[in-house]
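Comments concern the structure below.
Any read-out appearing in this document is the output of simple, stated calculations on the displayed coordinates, not a laboratory observation. Small disclaimer: the values here were computed from a predicted structure and weren't measured. Cβ atoms come from the backbone with ideal geometry, glycine included; neighbour counts cover every protein chain shown.
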Amino acid sequence: MSALSLADLQGAFRGVCLGRDAPALAAPEFVGLVDGARIAADARLRIYRHHVFDSLSTALGATFSTVRALVGEGFFRALARDYIAVSPPSGPVLSEYGADFPDFIERHARTGELVYLADSARLDWALTRAYGAEVGMALTAAQLAAMAPEALGDLRPRLRAGVSLLRSAWPIDQIWAVSHGHDDSTIDLASGGVELVVFQRDDDAAFARLTRGEAVLLAACDGATDLATVVERASAADPSFDFATTLPKCLGLSILDTP
């Protein structure tokens, strides 16, 4: 039997599964831990390692489907393998794994020329988080109509759970659409960036483009800032901002929480 403590044994096994060497686990004595074992210990460990990387790469590929479509399966799995080795899951729910994958992509040596890839990953992650969010009822036009006009300025709007804002120097909404077969146009990276709001919709998640003023307005909807100040900030950031058209848009997207 091994002289390793249980904690050391578990740590060594975890390290092997993440691609590190653990010579003690390859010792012949470990073969005897499995009755009738006919596979050498190091070969058995390689099976576990392959299974871990394959399972986690598949989970990341499901979450970051745009990234996978853009770079191809082989490149994506190599990228995922590098990420898994340094950022293994910290919890049991694989759909919650990958929060820092976009930042990892941005720093990775092999993705330097793919300047849009990290932001595409951020959109993937935002859609995943929106889809899994537990949301309450959205603010409706009827609720606003029932409020006294003088009370509207004191309303402190906030975004619904799962709603997030993204700003990119690249047309990541078009990149997403082309990558998922919803658009067959040619992507022009020089066409400029976008600001997006990502939100849950029915049993799915979606996103919509925002103007600068709309993005500033939604960023200020923190549940603490009154509506009058929120509108003031949006108008200062974007002279063309029109609250009369922005409010129906926000209500239609169901992105504001009830008071």
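Observations on the model:
- Centre separation in Å (Cα based) which lies between segment 96-118 and segment 140-193: 23 Å
- Neighbour cut-off at most 13 other Cβ (10 Å), DSSP loop, GluC sites (Glu not before Pro), segment 146-253: none
- P(r) weight above 18 Å for segment 98-242, C-alpha pairs, percent: 65 percent
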